[in-house]
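Have a look at the structure below before the remarks.
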Amino acid sequence: MADRIRATLPGVEVCIGCHEEAVTDSPEEEKIRGYDGGGEEIPWQRLYRVPRHVFFSHRRHVHVARVECTTCHGDMGSLTRPPPRPLKKIAMKACLACHRDRGAPIDCVSCHR
Ligand code: HEC
Ligand code: HEC
Ligand code: HEC
Ligand code: HEC
């Protein structure tokens, strides 16, 4: 599906472009070369995930509704290391509050399928 836009995570080949040689003495950075050398992808830890019964599409929110990433994810761009937990919790209340403000659907089956 050509128009399916997904927020994905960068592959290790993106990282190795800058991290082929050490730029810090961080053991976290050393891991990148380990994964790349072993032909493995980085085993990213998921922080944001909706339960299986909830439907969510980035395309509708980012492309169509023009909602900023920070509205739902907090100011990830200002971080210099991975947060241990989401900066903003995904909660039905927050989804509904914005849907009410913006006149988006609030009937149960629009999100629960
Ligand atoms: C455009 C270049 C560039 C790319 C691409 C890049 N990095 Fe970095 N990274 C840097 C630089 C420069 C530093 C050192 C920053 C500093 O010391 O302030 C760094 C530091 C780091 C560190 C050490 C931070 C710490 O203090 O522990 C880690 C871990 C890291 N990068 C992981 C990644 C990962 C994972 C990717 C791919 C998803 C990636 N980097 C992609 C340039 C890059
Ligand atoms: C309207 C709220 C909303 C907006 C705006 C939004 N996201 Fe998300 N994002 C979510 C939700 C909800 C999930 C969990 C989706 C799932 O479980 O399928 C998620 C998941 C993700 C993930 C997977 C995270 C993980 O922990 O594995 C990434 C990466 C991501 N979003 C990046 C972005 C980027 C980049 C933008 C801006 C271009 C953005 N998102 C805008 C709500 C949002
Ligand atoms: C900051 C505002 C905002 C937040 C937060 C938000 N949404 Fe939305 N959402 C919208 C808007 C605006 C639309 C309508 C986009 C369009 O016109 O297609 C929409 C559309 C949708 C649709 C499509 C509905 C349909 O049937 O047409 C679904 C499903 C949805 N959102 C789920 C979610 C979920 C789940 C969350 C919480 C994790 C969430 N949204 C959080 C603004 C938001
Ligand atoms: C705009 C999207 C959206 C709409 C509309 C919506 N929900 Fe949800 N709902 C969510 C999300 C996201 C979650 C998971 C996060 C959470 O538990 O807060 C959720 C979770 C739930 C849960 C599980 C709570 C739990 O504790 O596990 C129930 C039950 C639920 N919704 C019922 C409803 C009912 C009934 C309606 C209609 C009156 C409704 N939802 C409308 C997004 C929505």
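Here are some notes:
- Charging the Cβ of each Asp and Glu at -1 and of each Lys and Arg at +1, and nothing else, the dipole of the chain about its Cα centre rounds to 1140 debye.
- Averaging 1/r across all pairs of distinct Cα atoms in the stretch 47-113 and inverting the result yields a Kirkwood radius of 13.2 Å.
Coordinate-derived values only; no laboratory data. Not measured: the values here are computed from a predicted model. All Cβ positions, even for glycine, are placed from backbone atoms using ideal geometry, and neighbour counts span all protein chains on display.
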